[in-house]
Amino acid sequence: MTAIPSKMKGVQLIGHGGPEMLEYREDIAVPTPSANQVLIRVSAAGVNNTDINTRIGWYSKGDADSEDASWSGVALKFPRIQGADVCGTIVAVGKDVDSARIGQRVIIEPSMSEYGEQPLTSPWYFGSECDGGFAEYTVVASKHAFSLDTDLTDIELASLPCSYSTAENMLTRAGVNANDKVLISGASGGVGSAAVQLAKARGAYVIAITSPSKNQELLALGADEVVARDANLVKAIGTNSVNVVIDLVAGDAWPQFLEVLKPKGRYAVSGAIGGAMVELDVRTLYLKDLSFFGCTVLEEGVFQSLINWIETGKVKPIVAKSLPLKEINTMQELFQQKKHTGKLVLEV
């Protein structure tokens, strides 16, 4: 077995702000797994909205340096290694973990109920409340490192954990099934394209909202219909036309989602890239008996369900581009341009 070094390469977030707050270093201490943790040699790590949102302090309801400027609403500790989407190999284990795990290729469940020997009173997110995967090595509780049997590459696997578990969680919370007609916003992004595939795996009818240039890509993923993202939804698909809305955008057009939902429809949200503040007519909410689901923490069993979908070939990773870890600023710039379909992955 290759010796584990004492120092590693990685990217540290040193404060809230612009890309200059991401510092590439080659002298970061390699973490040591505690009793119930595993040490993972990271091979690839995906880029997500949460990386950028955390860096700029978007989650804060005050200013970027407020105590709530993180995913969980508590102050971040700097420097912090971000990166929630990780594929790698277990190279060492803590004293309470079976040594047979060494050598397993794994992906990490990003929404964590356990970290080291510290009991968590509220969930942590990998790469936010603790160091993540934008480095050569990382540690995580053994229960959150899932081995899997698949021919997918490490880069493909690194595109899955955050986006696909988020999508699977939204569909689970909303109870999507084969009898549903589902409308998905932001369908060309990482979570959106995952939601298209996972909804189709359930047998649902899927309408994807995307830019016209990406229509064929979404249809190839399994969408039954596509709608332009600047279209009037009521005119395009009709009032009371869908059972479920899976929303990652919000923004000014948000009231239309309630109009196209059928009575007793379900709305699940896990993003607001189009704008966090929306106008809600409460009468529509209660007169149509709608159900709303805010989705962040993964339901029990959701990540294992995702593993099952991967192993049975029901999902297809969509990797738009991969670059070396050192080029993280270039990759985040590409991410913010929103011209890609699927995921951007850093090679570690």
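The values are calculated or read from the model by the stated rules, or taken from the named source; none is laboratory data. The structure presented is a predicted model; accordingly, all values stated were derived computationally and were not measured. Don't worry about glycine lacking a Cβ; one is built from the backbone with ideal geometry, like all the others, and counts go over all protein chains shown. Keep in mind that these areas ignore ligands, DNA and RNA; they rest on the heavy atoms of the full protein, side chains included. Shrake-Rupley method; radii C 1.70, N 1.55, O 1.52, S 1.80 Å.
Side notes on the structure shown:
- Which listed pairs, of K143/K316; K77/K200; K200/K338; K181/K214, have C-alpha distances above 30 Å, in listed order: K77/K200
- Using C-alpha pairs under 8 Å with a sequence gap of at least 6, the mean separation divided by the residue count of the chain gives a relative contact order of 17 percent.
- Computed from the C-beta positions of A3 and Q304 and an R0 of 25 Å, the FRET efficiency is 0.15 to the nearest 0.05.
- Dipole check for region 69-138: with +1 at the C-beta of Lys and Arg, -1 at the C-beta of Asp and Glu, and the Cα centre as origin, the magnitude is about 120 Debye.
- In the chain, the portion of solvent-accessible area held by carbon and sulfur atoms comes to 49 percent [1.4 Å probe, whole percent, DNA, RNA and ligands not counted].
- Placing +1 on each Lys and Arg Cβ and -1 on each Asp and Glu Cβ, with no other charges, gives region 248-348 a dipole about its Cα centre of roughly 300 debye.
- Amide H to amide H distances under 5 Å link D180 with Y205, where only residues 5 or more positions off or on other chains count and H is placed in the peptide plane.
- The residues of region 195-348 expose on average 49 square angstrom of accessible surface per residue, using a 1.4 Å probe on protein heavy atoms.
- Taken over the Cα atoms of the chain, the convex hull encloses 129 Å³ per residue.
- Distance in nm between pseudo-label sites at D149 and F292 (7 Å out along the Cβ direction from Cα): 4.4 nm
- At a probe radius of 1.4 angstrom, the accessible area of region 70-136 per residue rounds to 39 square angstrom.
- Here's the list of aspartates and glutamates a cross-link from K288 could span, going by alpha-carbon distance under 14 Å and ignoring same-chain residues fewer than 8 apart: E259.
- Cross-link reach list, aspartates and glutamates versus K339, counting only Cα pairs under 14 Å and skipping chain neighbours closer than eight places: E217
- Cα lying deepest toward the dipole's positive end in the chain, options Q104, N169, P19, charges on Cβ: N169
- Size of electric dipole in the chain: Cβ of Lys, Arg +1 and of Asp, Glu -1, about Cα centre, debye, nearest 20: 700 debye
- By DSSP, the beta bridges lying fully in the chain are antiparallel in about 55 percent of cases.
- Prolate is the label for region 200-348. Its Cα gyration tensor axes, ordered a ≥ b ≥ c, give a/c of at least 1.5 and a/b above b/c.
- Accessible area expressed per residue, region 140-182, with surrounding protein chains retained (probe 1.4 Å, Å²): 33 Å²
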